[in-house]
1. Pairs needed: first member in segment 171-196, touching a residue at least 60 places away in the same chain (Cβ under 8 Å) and assigned by TED's automatic domain parsing to the domain that holds residue 104; second member anywhere, of a type in the set (Asp, Glu) and not in a strand (DSSP E or B); C-beta distance under 8 Å; at least 6 residues apart or different chains.
2. Taking the condition of being in a loop (DSSP other than H, G, I, E, B) and surrounded by 12 or more Cβ atoms within 10 Å (Cβ to Cβ), how many residues in segment 73-92 meet it?
3. Within segment 17-30, can you find the residues that are within 21 Å of residue 135 (Cβ to Cβ) and either surrounded by fewer than 12 Cβ atoms within 10 Å (Cβ to Cβ) or of a type outside the set (Phe, Trp, Tyr) (or both)?
4. Report every pair of residues separated by at least 6 positions or lying on different chains whose Cβ atoms are under 8 Å apart, first residue within segment 141-168 and closer than 22 Å to residue 112 by Cβ, second in a loop (DSSP other than H, G, I, E, B) and aromatic (Phe, Trp, Tyr).
5. I need every pair where a residue in segment 41-52 that is surrounded by 13 or more Cβ atoms within 10 Å (Cβ to Cβ) and of a type outside the set (D, E, K, R) has its Cβ under 7 Å from the Cβ of a residue that is modelled with pLDDT of 95 or more and not in a helix (DSSP H, G or I), sequence separation at least 6 or different chains.
6. Please work out which residue is surrounded by the fewest Cβ atoms within 10 Å (Cβ to Cβ), limiting yourself to segment 161-193 and to residues that are in a strand (DSSP E or B) and among the acidic types (Asp, Glu).
7. Checking the structure you have, find out if any residue of segment 33-48 is modelled with pLDDT of 95 or more and not in a helix (DSSP H, G or I).
8. Looking at 158, 115, 120, 110, which one is of a type in the set (D, E, K, R), more than 18 Å from residue 18 (Cα to Cα) and surrounded by fewer than 13 Cβ atoms within 10 Å (Cβ to Cβ)?
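The values are calculated or read from the model by the stated rules, or taken from the named source; none is laboratory data. Fair warning: this is a prediction, and the values are worked out from it, not measured in the lab. So basically every Cβ, Gly included, is an ideal-geometry build from the backbone, and we count neighbours across all protein chains shown.
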Amino acid sequence: MTAVAPESTDTETLTWNDAFGPTTAADDPFADLTRAVSELQEAFTRCRPDRHSALDAAAQLRRVTKQLRAQEVSEDDQLAGRLWSRPGRGQTMAPALTIDEVTDEHAVGRVTVGRFHSGRYALNGGVTPLIFDEILSRLGNSGGRAWGRTASLTVDYRSPAPLHVELTVTADVVGHDGRKRYLRGAITHADVLIAQAHGLWIATRPEYLCAPTDLIDEGGHA
């Protein structure tokens, strides 16, 4: 499958329908903002600031938060997490997953993890399921299959995953049963198995595909 050009954040009509395919890095203002947030997360994790630096940084970040809060939109209109053709989809919670190969039943990607996602010199065990859920869910919801949610996800940890190196992530659809679909995945570094996963996804009933707005006020209340 050929990679498609990244969505334009100025003109693209956003959709929850993921045209799952190889990803392409973007170069636009929102991509720059996404990188800046990731850089902030890494810098925050690595720092041990003195009192003045901590107070000054907090004040600056609150100004940025206020600036972005003034542009808040509904979940159906937000950019973060919905730019499907980009590594990481424009979100910064989970490590940005680059997708290289996709068929209806198989996908291959790669990810590099920094200290923000570390758990004492290796990939944090709680982050591993985020990586698996990303690639397995997207594969499970592709190939003409109805949109579904994760019902269960089991992860078996085999080896510590090193930081700052490229890890390979694979996913496979292994079965279907009505609304249920079964998938499995693996994370490897060269020929070392880091982790394996298997899980169940269930096609979502139409009445659960819509939700009320979750806009929040300046006090952080919905």
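1. From segment 171-196, the pairs are 172/105; 173/104; 173/105.
2. Pass one, segment 73-92, residues in a loop (DSSP other than H, G, I, E, B): 73-86, 91-92.
When the remaining residues are screened for being surrounded by 12 or more Cβ atoms within 10 Å (Cβ to Cβ), the result is 75-76, 78-86, 91-92.
Residues in segment 73-92 being in a loop (DSSP other than H, G, I, E, B) and surrounded by 12 or more Cβ atoms within 10 Å (Cβ to Cβ): 13 in total.
3. 17, 18, 19, 21, 22, 23, 24, 25, 26
4. So the pair list comes out as 160/121; 163/121.
5. Sorted first by the residue in segment 41-52, then by its partner, the pairs are 41/92.
6. So, considering only residues that are in a strand (DSSP E or B) and among the acidic types (Asp, Glu), the one surrounded by the fewest Cβ atoms within 10 Å (Cβ to Cβ) is 177.
7. yes
8. Going through 158, 115, 120, 110 in turn, the sole match is 120.
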